[in-house]
1. Can you go through Gln47, Gln36 and tell me which one is of a type in the set (S, T, N, Q), on the phi < 0 side of the Ramachandran plot, surrounded by fewer than 11 Cβ atoms within 10 Å (Cβ to Cβ) and under 17 Å from the mean Cα position of the chain (by Cα)?
2. Yes or no: Arg13 basic (Lys, Arg) and assigned to a loop (DSSP other than H, G, I, E, B)?
3. Restricting to region 26-48, what's the tally of residues that are part of a helix (DSSP H, G or I), small (Gly, Ala, Ser) and farther than 18 Å from Leu5 by Cβ?
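Since every read-out is calculated from the coordinates, none of them should be taken as a lab result. Keep in mind the model is a prediction, meaning the values are calculated, not measured. Here the Cβ is made from the backbone with ideal geometry for all residues, glycine too, and neighbour counts use every protein chain on show.
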Amino acid sequence: MSLNLDCSPCFERSCPYGHTDCLEKMQPELVWQAAQRLLPSLVPIAQD
């Protein structure tokens, strides 16, 4: 999941640009929509 920010991916602990857009703009609704697109492609794992 990516927001396609100009500074992404940076893998830094603190933002060299002074913002936290990668954290603040990642809304739960966006994550849920991405998960819903992936769920149909998952293969169930057999449980014994």
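1. Gln36
2. Yes; evaluated as a whole, the condition is true for this residue.
3. Residues flagged as part of a helix (DSSP H, G or I), small (Gly, Ala, Ser) and farther than 18 Å from Leu5 by Cβ within region 26-48 amount to 2.
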